[in-house]
Amino acid sequence: MKFRHILTACAAFLSLQVSAQVNFDQWFNDSTLRADYIFTGTNRTQTISLDELRSSAGWYGRRVNLDSVAVRANSQLTMTDAETGTTIYRASFNTLFQEWQTSEEAASLTKSFENIFQMPMPKKDADVKITLFDTHARVCAEFTHRVKVGDILIRPILANNVADHRTLFKGGDSKDCIDVVILAEGYTKAEADVFYADAQVACDELLKYEPFATYKQRFNVTAVALESIESGVSIPHLGVWKQTALSSSFDTFYSNRYLTTLRLKQLNDALAGIPYEHIIIIANTDNYGGGGIYNSYTLTAAHNSRFKPVTVHEFGHSFGALADEYAYDDQYEEYYFPEIEPWEQNITTLADFNSKWADMLPAGTPVPTPTKGLSEQDMTHIGVYEGAGYQTHGVYRPFVDCRMKTNEVPEFCKVCERAITRMIQFYTEQN
Ligand SMILES: [Zn+2]
């Protein structure tokens, strides 16, 4: 699937060597601080500014590994106690802004993007730092602001008008589980039942795949029937514009199949009163496409014949922090460079292959590994196959095929499976 996703580079699973554990109850209230930021820039500049702080009851993110990140990703949030400087919370994200920075348009235009990060509400004054990394893994922007306990301008998110929702799968208590929401986009009030049926299909499909099947008791999945005024979603290359709950559209960055929403405030506001940590948006359209941004959201087209595999693929990005394993030659700018090992677990430039799946590779396997004699959808031979991360040369994938490469095979490759397993454990087990 030719959807582009954010890709910068660097070492992996940095975080899992942890210092002293941060105890949730010592540092945090059981409530959420939402920080809305605006990222502005061009292909060479970036400025971060704070838009607004919000608060809401309950914290539905992780309560373990609080001072670690699962992967480096291309942006990070670090919260430190103002008095002692102790790191009390970290998270990593990808952003559409940084992806846009690698597009041709960014060479001649300044643009702004919304970015919203949720974090547990600190009990004492804290400093929140946002760090962005460029495609060479260098820090390219930093922004720090203080969060003061009792700040009267932290605006509460009121939950008087909670969207209609249903539980699709309940693994257990929110405190122990990963809370996933599936949201309706482009469904009218009269189409709510169609949405609930589509959401159930997405939920069932995801939980069929390993490692989600093995770990499904660690997930809660809720469907949220947001109402749109019009049915369907915007498809600019066909001249179709619709008034929908989340203002999503195809043609993101002029790529026909790239379906996203840039309205992250609208998205997070729509979830007021509903526990959520990971977001899947399903769009009421039969047009082919989707998008997935690590720790932001997955967006997928419900009435296209490839709905099921695309949903799982995009969740591989938004939850699993996986890279695309396909390649093509027509992209504007390279994402991966030979001297930089990507942070994504399922691709390598061989700069530091030992940090990837070298431990899974049978002795004597040639690197790179030729595909001669293997079928196009071989899922049994692990190797180091050239072509991944949108590049036909210099970036390698672990299997000939994978859910992160095509819609045809019915599974993640073993390297992606291990990466997703680690991610589930990161959210639910103290390291
Ligand atoms: Zn894979």
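Residue check: M360 meets all listed conditions (1) surrounded by fewer than 18 Cβ atoms within 10 Å (Cβ to Cβ); (2) more than 23 Å from V310 (Cα to Cα); (3) more than 13 Å from the ligand (Cβ to nearest atom) but one, namely (3). Within the range 406-431, residues that are within 11 Å of G320 (Cβ to Cβ) sit with their Cβ atoms under 6 Å from residues that are within 14 Å of the ligand (Cβ to nearest atom) and of a type in the set (D, E, K, R), at 6+ positions apart or across chains, in these pairs: F412/R403; E417/E210. Considering the conditions (1) modelled with pLDDT under 95; (2) crowded, with 20+ Cβ neighbours inside 10 Å, I130 is excluded by exactly one of them, (1). Return yes when F39 is aromatic (F, W, Y) and more than 25 Å from V180 (Cβ to Cβ) and no when it is not. It is true that F39 is aromatic (F, W, Y) and more than 25 Å from V180 (Cβ to Cβ). S249 falls short on exactly one of the conditions (1) of a type in the set (S, T, Y); (2) farther than 16 Å from I280 by Cα; (3) out of contact with any Gly (no Cβ under 7 Å at 6 or more places or on another chain), and that condition is (2). Filtered by the rule that a residue be under 22 Å from I178 (Cα atoms) and in a loop (DSSP other than H, G, I, E, B), the range 405-426 gives E411, F412. When Y328 is tested against (1) under 18 Å from the mean Cα position of the chain (by Cα); (2) surrounded by fewer than 24 Cβ atoms within 10 Å (Cβ to Cβ); (3) of a type in the set (F, W, Y), just one condition goes unmet, and that condition is (1). You will find that of D324, D269, D352, D286, the residue that is within 16 Å of the ligand (Cβ to nearest atom), over 23 Å from T428 (Cα atoms), among the charged types (D, E, K, R) and not assigned by TED's automatic domain parsing to the domain that holds E114 is D324 and no other. When each of P366, P275 is tested for being under 30 Å from W59 (Cα atoms), away from the ligand (no atom under 16 Å from the Cβ) and in a loop (DSSP other than H, G, I, E, B), the lone residue that passes is P275.
Would you confirm whether or not the range 143-155 contains a residue that is touching a Leu at 6+ places or on another chain (Cβ under 9 Å) and closer than 30 Å to F219 by Cα? Checking the range 143-155: at least one residue is touching a Leu at 6+ places or on another chain (Cβ under 9 Å) and closer than 30 Å to F219 by Cα. Return a yes/no flag: does the range 370-379 have any residue that is part of a loop (DSSP other than H, G, I, E, B), within 12 Å of the ligand (Cβ to nearest atom) and not assigned by TED's automatic domain parsing to the domain that holds K208. Yes: the range 370-379 contains one or more residues that are part of a loop (DSSP other than H, G, I, E, B), within 12 Å of the ligand (Cβ to nearest atom) and not assigned by TED's automatic domain parsing to the domain that holds K208. Within the range 77-91, residues that are more than 20 Å from I48 (Cα to Cα) sit with their Cβ atoms under 6 Å from residues that are surrounded by 19 or more Cβ atoms within 10 Å (Cβ to Cβ), at 6+ positions apart or across chains, in these pairs: D81/I88; D81/A126; A82/A126; T87/D67; T87/T80; I88/V22; I88/W27; I88/M79. Within the option set N29, N74, being under 25 Å from N431 (Cα atoms), crowded, with 22+ Cβ neighbours inside 10 Å and in contact (Cβ under 8 Å) with a residue 24 or more places away in the chain holds for one residue only, N74. Flag: Y37 does not match the condition of being surrounded by 22 or more Cβ atoms within 10 Å (Cβ to Cβ), touching a helix residue (DSSP H, G or I) at 6+ places or on another chain (Cβ under 9 Å) and either in contact (Cβ under 8 Å) with a residue 40 or more places away in the chain or of a type in the set (K, R) (or both).
The residue that is farthest from the ligand (Cβ to nearest atom), among those in the range 418-431 that are of a type in the set (V, I, T) and more than 16 Å from R63 (Cβ to Cβ), is T421. Is there a residue being without any contact (Cβ under 8 Å) to a residue 24 or more places away in the chain and farther than 18 Å from E417 by Cβ anywhere in the range 332-343? Scanning the range 332-343 turns up at least one residue that is without any contact (Cβ under 8 Å) to a residue 24 or more places away in the chain and farther than 18 Å from E417 by Cβ. Considering every residue within the range 152-162, establish whether at least one is under 24 Å from L299 (Cβ atoms), buried (at least 16 other Cβ atoms within 10 Å of the Cβ) and among the polar types (S, T, N, Q). So far as the range 152-162 goes, no, none of its residues is under 24 Å from L299 (Cβ atoms), buried (at least 16 other Cβ atoms within 10 Å of the Cβ) and among the polar types (S, T, N, Q).
Considering only the range 217-246, state which residues are among the hydroxyl-bearing types (S, T, Y) and more than 19 Å from the chain's Cα centre (by Cα).
Scanning the range 217-246 gives S228, S231, S234, T244.
Restricted to the range 385-417, and to residues there that are out of contact with any His (no Cβ under 8 Å at 6 or more places or on another chain) and among the polar types (S, T, N, Q), the residue that is nearest to the ligand (Cβ to nearest atom) is T406.
Going by what's in this entry, would F93 be described as assigned by TED's automatic domain parsing to the domain that holds P122, surrounded by 21 or more Cβ atoms within 10 Å (Cβ to Cβ) and at pLDDT 95 or above?
yes
The values are calculated or read from the model by the stated rules, or taken from the named source; none is laboratory data. A quick note: this is a predicted structure, and the numbers were derived from the prediction, not measured. Cβ sites come from the backbone with ideal geometry, for glycine too, and all protein chains shown count toward neighbours.
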